[in-house]
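Structure first, commentary second.
Taken together, the values in this text are just the output of simple stated rules run on the coordinates, not laboratory data. The structure presented is a predicted model; accordingly, all values stated were derived computationally and were not measured. Note that we place each Cβ from the backbone using ideal geometry, even for glycine, and neighbour counts take in every protein chain shown.
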Amino acid sequence: MAELTDAQIDAAAERGRLARLTEPRAASARYDREAGRVIVELTNGCVFAFPPQLAQGLEDATDDQLAAVEILGAGYGLYWEALDADLSVPGLLAGLFGTRAFMARHAGRATSPAKAAAARNNGAKGGRPRKSASG
């Protein structure tokens with residue numbers, strides 16, 4: 001295995017320094033029982049909140065389990081020991097609340113009485129209407 005040169009080590013250290021200054025990281029995290037949201041304060045002063053039901057590993061957690069959130073490493077992750085669940089802060093900010101398979105299973109799950117009625121009506125008519133060519 002090739003040894004790293006001083007220049008490579010210096011370049012990696014500089015990339016790390018720039019990442020710490022620019023990438024989103026958690027300064028603090030807590031669970032707000034009243035709002036039903038995990039609140040993450042970022043090192044840049046922004047605040048991000050999400051409902052735990054959206055996140056892989058947190059879907060069925062109790063309020064007490066959610067309140068035991070820890071910040072991992074330099075603020076790049078959130079961890080719930082009792083749930084053995086960890087989430088990436090940059091991933092959460094990008095809208096990734098779990099693995100690709102988890103996200104695929106939860107896509108389009110929003111239901112409402114209006115959506116159910118529309119599906120029944122479309123089914124009674126033979127399904128979704130065909131798109132017509134516009135001209």
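Between residue 84 and residue 10, the modelled labels are 4.6 nm apart [label points 7 Å from Cα along Cα→Cβ].
Simple rule: put +1 on each Lys or Arg Cβ and -1 on each Asp or Glu Cβ in the chain, find the dipole, and look at 74, 85, 12; the Cα lying farthest toward the positive end is 85. Label-to-label distance for residue 101 and residue 32 is 3.4 nm, based on points extended 7 Å past Cα in the beta-carbon direction. Averaging the sequence gap over all C-alpha pairs within less than 8 Å and six or more residues apart, then dividing by the number of residues, gives the chain a relative contact order of 16 percent.
Amide H contacts of residue 77: 26, 72, 89, each under 5 Å away and 5 or more positions distant or on a separate chain (H built 1.01 Å from N in the peptide plane; Pro and chain starts excluded).
Rounded to the nearest 10 degrees, the angle from helix 113-124 to the longest Cα principal axis of the chain is 50 degrees.
Each residue in 102, 97 was given a count of other beta-carbon atoms within 10 angstrom of its own, and listing them fewest first yields 102, 97.
Where [x] 1.53; [y] 1.32; [z] 1.04 are the candidate values, the label of the one calculated here for Cα Rg over 2.2 N^0.38 Å is [x].
Computed from Cα atoms, the angle from the helix 6-22 axis to the main principal axis of the chain rounds to 50 degrees.
For the chain, what is the charge dipole size about the Cα centre, in debye to the nearest 20, if Lys and Arg each add +1 at the Cβ and Asp and Glu each add -1 at the Cβ? It comes to approximately 1520 debye. Among 9, 71, sorting on how many other beta-carbon atoms sit within 10 Å of each Cβ, with the fewest leading, yields 9, 71.
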